[in-house]
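*Asks:* Take this structure first; my questions come after.
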Amino acid sequence: MNSEERLIWFKGEILPVTQAKVPVMSPMAQFGLNVFEGLRGYWDGQDIQIFRFHEHMNRLMESCRLVGITCPYSADDIAGFSRDVLSANKYRCDVALRTTVFVEGEGSWSSSEPVDMFIAPIAKQRNKLDEKTQNNACVSTWTRINDNTMPPRVKLGANYLNGRYAHLEAKRNGYDLPILLDCRGSVAEGAGACLFLRRGNHLITPDSNSSILESITRDTLITIARKMGIVVETRKVDRTELYVADELFFCGSAAEITPLTSIDKFPVGDGVPGTLTLKLHDAYLRAVDGREQGFNNWRMPVYNI
Ligand code: PMP
């Protein structure tokens, strides 16, 4: 299917993505006044399982609350619309879904209505990793937005411009991906993903007060790792800990698990994806498509309900 034929759910209708239009003067178009979720659905051989749908909806509703807009739909409504639009596209594969609540009309940045929503699915395979995967990261000179300026806890379209500066700088300087520090100098996260490091036997991730998005994948990996008997620390992380880490990886619904093999030209471990990283990646994929039975309440079936 080419992208022109892709169907999206837009303001109560299912229509080709090319026909979904918002006014150029809308706060969404002008100021990035939209809150959204990036979800994944994984094909288990018989059905698509949307991963941690309810946690994504909770975060979406929190984002709406914090930017002062009222989502016109409930989480149950959105579950139904998501199923409808996946069925309309006849997807029988791994997918990504972008669910976006936006302010349209012709108001300003302070307008709170009219509010509506789209749900845009796309076929997207899970990441394949092997020992040859390479990603060179840098610590950005840009600071991560913070709770008193642009709260990173809110998944707001406009927040992504902070990550954009960092990403463009990283690319200009020959790196693949940036890591941002928070306004106190502690490690925060990537431009669109959270971060884990391994030091010795401990898996460490910046705590939820380190200017991060409260990532659902981060929570998933903390749970999976603890179940595997690994000690997980959520705490402030110093920049230099990145340079002495044995393993380093990003995580997120889109990033899944993305190993970082160098940081500011220091090789991470042996300069190849670490064994714990690969093990967690495998455990993560087994949880999302149900091969690992322990996490059944994390999956929401699309077709067989
Ligand atoms: N941080 C940022 C800035 C992100 O955009 C994302 C992706 N949504 C994440 C972290 C990871 O969040 P999640 O695991 O909930 O997808």
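The values are calculated or read from the model by the stated rules, or taken from the named source; none is laboratory data. Worth saying up front: this structure is predicted, and the values here are computed from it rather than measured. So basically every Cβ, Gly included, is an ideal-geometry build from the backbone, and we count neighbours across all protein chains shown.
*Asks:* All but one of (1) part of a loop (DSSP other than H, G, I, E, B); (2) within 16 Å of the ligand (Cβ to nearest atom); (3) surrounded by fewer than 21 Cβ atoms within 10 Å (Cβ to Cβ) hold for V272, so report the exception by its number.
*Replies:* Result: V272 passes all but (2).
*Asks:* Please go through the range 68-117 and give me each residue that is β-branched (V, I, T) and loosely packed, with under 15 Cβ neighbours inside 10 Å, ordered by number.
*Replies:* T70
*Asks:* Additional query: Out of everything in the range 45-57 that is away from the ligand (no atom under 11 Å from the Cβ) and outside any helix (DSSP H, G or I), what residue ends up being surrounded by the fewest Cβ atoms within 10 Å (Cβ to Cβ)?
*Replies:* So, considering only residues that are away from the ligand (no atom under 11 Å from the Cβ) and outside any helix (DSSP H, G or I), the one surrounded by the fewest Cβ atoms within 10 Å (Cβ to Cβ) is G45.
*Asks:* Checking S211 against (1) within 18 Å of R52 (Cβ to Cβ); (2) part of a loop (DSSP other than H, G, I, E, B), only one condition comes out false. Which one?
*Replies:* Here S211 meets the rest and fails (1).
*Asks:* To continue, here is another question. In the range 189-208, how many are assigned to a loop (DSSP other than H, G, I, E, B) and surrounded by fewer than 23 Cβ atoms within 10 Å (Cβ to Cβ)?
*Replies:* 6
*Asks:* Additional query: Go over the candidates R198, R218 one by one and state the one that is away from the ligand (no atom under 13 Å from the Cβ) and among the basic types (K, R).
*Replies:* When all the criteria are applied, what remains is R198.
*Asks:* Just to check your reading of the model, which residue among L39, L60 is in contact (Cβ under 8 Å) with a residue 12 or more places away in the chain, assigned to a helix (DSSP H, G or I) and among the hydrophobic types (A, V, I, L, M, F, W, C)?
*Replies:* L60
*Asks:* When you scan the range 21-44, do you find a residue that is over 16 Å from the mean Cα position of the chain (by Cα), surrounded by 15 or more Cβ atoms within 10 Å (Cβ to Cβ) and within 16 Å of the ligand (Cβ to nearest atom), even just one?
*Replies:* Yes, there is a match, as at least one residue in the range 21-44 is over 16 Å from the mean Cα position of the chain (by Cα), surrounded by 15 or more Cβ atoms within 10 Å (Cβ to Cβ) and within 16 Å of the ligand (Cβ to nearest atom).
*Asks:* Something else now. Quick check on A170: is it within 11 Å of the ligand (Cβ to nearest atom), modelled with pLDDT of 95 or more, more than 30 Å from P72 (Cβ to Cβ) and surrounded by 15 or more Cβ atoms within 10 Å (Cβ to Cβ)?
*Replies:* Spelling it out, it is not the case that A170 is within 11 Å of the ligand (Cβ to nearest atom), modelled with pLDDT of 95 or more, more than 30 Å from P72 (Cβ to Cβ) and surrounded by 15 or more Cβ atoms within 10 Å (Cβ to Cβ).
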